[in-house]
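What follows is a short report on a single structure.
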Amino acid sequence: MFFVGWARGVTVEEQATPAAKRYVRAERRIARLTLMIGVPTALVLAGTVSLRWGVGVLVGTLLAWLNFRWLQEALDSLVRFAKGQAGGRRPKVTIWSHLKMFLRYAVIGIVLYTLWAWMRIPVVSMLTGLCALGAATFMESVYELFDRAS
């Protein structure tokens, strides 16, 4: 949703309801938190455990972030399509939008296997980096609990 409006010079805030704006802000916070959790963790592990572990966590974090963004874009295009169906006009949904929904798993698998096979990056370190998205989502949930209480 953000990228469609942004490409035309219109922000989400200008085209969305207050409830939708809240969800968009939450999505942005999750994307930022994923990187804010994973990158420093990778730097600490690179300095304390080993460079391979740091690279593994960094790669996992970047894959988690990419996975989140692609899923977000794919779902936004499907929502636009569903709204277009109900409204009578047929928005164009590219094949790339559909592929992003499923290719993200293939990309993660190929990158993990390639780095493990060629560079001997520990798989556990890359899986730890992938968990940065889960940690960010958890932190956003806690934030939402306290934000709604106030």
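The values are calculated or read from the model by the stated rules, or taken from the named source; none is laboratory data. Because the structure is predicted, anything quoted here is derived from the model rather than measured. With ideal geometry, Cβ positions are generated from the backbone for all residues, glycine too; neighbour counts draw on all protein chains shown.
Of note:
- Test: residue 52 is under 10 Å from the mean Cα position of the chain (by Cα) and either at pLDDT 95 or above or within 27 Å of residue 144 (Cβ to Cβ) (or both): no
- The residue pairs whose first member lies in the range 114-130 and is closer than 8 Å to residue 56 by Cα, whose second member is of a type in the set (Ser, Thr, Tyr), and whose beta carbons are closer than 7 Å, counting only pairs six or more residues apart or on different chains, are 129/61.
- Number of residues in the range 94-126 that are surrounded by 15 or more Cβ atoms within 10 Å (Cβ to Cβ) and either more than 14 Å from the chain's Cα centre (by Cα) or small (Gly, Ala, Ser) (or both) equals 9.
- Residue match in the range 129-144 (condition: over 20 Å from residue 30 (Cα atoms), at pLDDT below 95 and among the aromatic types (Phe, Trp, Tyr)): no
- Per the listing 27, 73, the residue uniquely within 18 Å of residue 137 (Cβ to Cβ) and at pLDDT 90 or above is 27.
- For the range 40-64, a tally of residues being more than 20 Å from residue 104 (Cβ to Cβ) and part of a helix (DSSP H, G or I) returns 14.
- Evaluated against (1) outside any helix (DSSP H, G or I); (2) modelled with pLDDT of 80 or more; (3) of a type in the set (Val, Ile, Thr), residue 10 falls short on exactly one condition, (2).
- Lone qualifier among 140, 144 - being of a type in the set (Asp, Glu), crowded, with 16+ Cβ neighbours inside 10 Å and either part of a helix (DSSP H, G or I) or on the phi > 0 side of the Ramachandran plot (or both): 140
- The set of residues in the range 110-137 being assigned to a helix (DSSP H, G or I) and of a type in the set (Val, Ile, Thr) consists of 110, 111, 114, 123, 124, 128, 137.
- Every pair of residues 6+ apart whose Cβ atoms lie under 8 Å, when the first sits in the range 84-104 and is modelled with pLDDT of 70 or more while the second is of a type in the set (D, E, K, R) and in a helix (DSSP H, G or I): 97/73; 100/73
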